[in-house]
1. Please verify whether the stretch 27-43 includes one or more residues that are closer than 24 Å to E59 by Cβ, surrounded by 13 or more Cβ atoms within 10 Å (Cβ to Cβ), under 16 Å from the mean Cα position of the chain (by Cα) and touching a residue at least 12 places away in the same chain (Cβ under 8 Å).
2. Go through the stretch 1-26 and report how many residues are surrounded by 15 or more Cβ atoms within 10 Å (Cβ to Cβ) and over 15 Å from the mean Cα position of the chain (by Cα).
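The values are calculated or read from the model by the stated rules, or taken from the named source; none is laboratory data. What you are looking at is a predicted structure, and each value in this text was computed from that prediction instead of being measured. Heads up, the Cβs are rebuilt from the backbone with ideal geometry, glycines too, and the neighbour counts pull from every protein chain shown.
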Amino acid sequence: MNAAPPDVSTMTFEDALAELEKIVARLEQGQAPLEESIEIFRRGQALKARCDELLRRAEARVETIAVGADGAPAATRPLDPE
């Protein structure tokens, strides 16, 4: 009996990416029946969305260090302010 896959919304980036890579490989092989392909494609979409969400959160936390004229760290600012 197969266990239910983990809830995508609770997965770490690394876990979601690893599962997404497995799904892509399975779909690229072209050996899955149509209904299974559709099911795993939908799961892949959810995993991609989760990875995107976690990357956006990480980017929001990353800051660059502004260096003063003396070369010492002076302040921090967002990595890519929008």
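1. So far as the stretch 27-43 goes, no, none of its residues is closer than 24 Å to E59 by Cβ, surrounded by 13 or more Cβ atoms within 10 Å (Cβ to Cβ), under 16 Å from the mean Cα position of the chain (by Cα) and touching a residue at least 12 places away in the same chain (Cβ under 8 Å).
2. Summing the residues that are surrounded by 15 or more Cβ atoms within 10 Å (Cβ to Cβ) and over 15 Å from the mean Cα position of the chain (by Cα) in the stretch 1-26 gives 1.
A quick yes/no check of all residues on (1) among the hydrophobic types (A, V, I, L, M, F, W, C); (2) modelled with pLDDT of 95 or more:
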{"position": "L27", "(1), (2)": "yes, yes"}
{"position": "E63", "(1), (2)": "no, no"}
{"position": "A66", "(1), (2)": "yes, no"}
{"position": "A72", "(1), (2)": "yes, no"}
{"position": "R77", "(1), (2)": "no, no"}
{"position": "D80", "(1), (2)": "no, no"}
